[in-house]
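The values are calculated or read from the model by the stated rules, or taken from the named source; none is laboratory data. Just so it is clear, the model here is predicted, and its values are computed rather than measured. As a convention, Cβ positions derive from the backbone with ideal geometry for all residues, glycine included, and neighbour counts pool all protein chains shown. When the accessible area is computed, the model is the full protein with side chains, heavy atoms only, and any ligands, DNA or RNA have been set aside. Shrake-Rupley method; radii C 1.70, N 1.55, O 1.52, S 1.80 Å.
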Amino acid sequence: QLQLAESGGGLVQPGGSLRLSCVASGFTLNHHAIGWFRQAPGKEREGVLCISPGDSSPGGSSTNYADSVKGRFAIARDHAKNAVYLQLSNLEPEDTGVYYCARGFDLSCSAYPAPLPAMQEYDYWGQGTQVTVSS
């Protein structure tokens, strides 16, 4: 059974950091583009980043980030654990929301430098993890 599971969310003060995990089962994560999305209360789900298949460079050299998170968020793959990690730094209250990872369906992130790929480009989703930035 193909599954994605996020974890690592929590409550953090502005300026703080969190590391979110997305672990896959039933398929090899590195073979697919992976997207992270977030959804704030009362708002539509928005793309945060798209990392290309096989991109293992620090921060993801083949990764496209939303302008709102560039320089603050960084992605990394862990092949041994079949996972990706999203490092959130210098967090702002506007970063509050449920964060989701998703598997790209025949997706090339480079084809979508801006805006990021839409939700319909992904076929499997995790259940989400809550990030709350508040003092």
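Entry comment: accessible area of segment 11-135 is 49 Å² per residue, from protein heavy atoms only and a probe of 1.4 Å. Summing Cβ point charges (Lys, Arg +1; Asp, Glu -1) relative to the Cα centre of the chain gives a dipole of roughly 240 debye. Of the residues Glu94, Glu6, Glu44, the one with the largest accessible area comes first in the ranking Glu44, Glu94, Glu6, computed with a 1.4 Å probe on protein heavy atoms.
Ordering Gly15, Ala66, Trp125 by the projection of their Cα atoms onto the charge dipole of the chain, which places +1 on the Cβ of Lys and Arg and -1 on the Cβ of Asp and Glu, puts Gly15 at the extreme positive end. Any idea which of Leu29, Ile51, Tyr85 is furthest toward the positive side of the dipole for segment 20-96, if Lys and Arg beta-carbons carry +1 and Asp and Glu beta-carbons -1? The residue sitting farthest along the positive end of the dipole is Leu29. Legend: residues Thr132, Thr63, Thr28, sorted from most to least accessible area (1.4 Å probe; ligands, DNA and RNA excluded), read Thr28, Thr132, Thr63. Figure note: Tyr65, Tyr124, Tyr99 ranked by solvent-accessible area, largest first, 1.4 Å probe, ligands and nucleic acids not counted: Tyr124, Tyr65, Tyr99. Could you work out what % of the accessible surface of segment 70-135 is carbon and sulfur, using a 1.4 angstrom probe and leaving DNA, RNA and ligands out of the count? Accessible surface attributable to carbon and sulfur in segment 70-135 totals 52 percent. Distances between placed amide hydrogens fall under 5 Å for Leu107 paired with Ala33, all partners being 5 or more residues away or on another chain.
For Thr96, the residues 5 or more places off, or on other chains, whose built amide H falls under 5 Å of its own are Val133.
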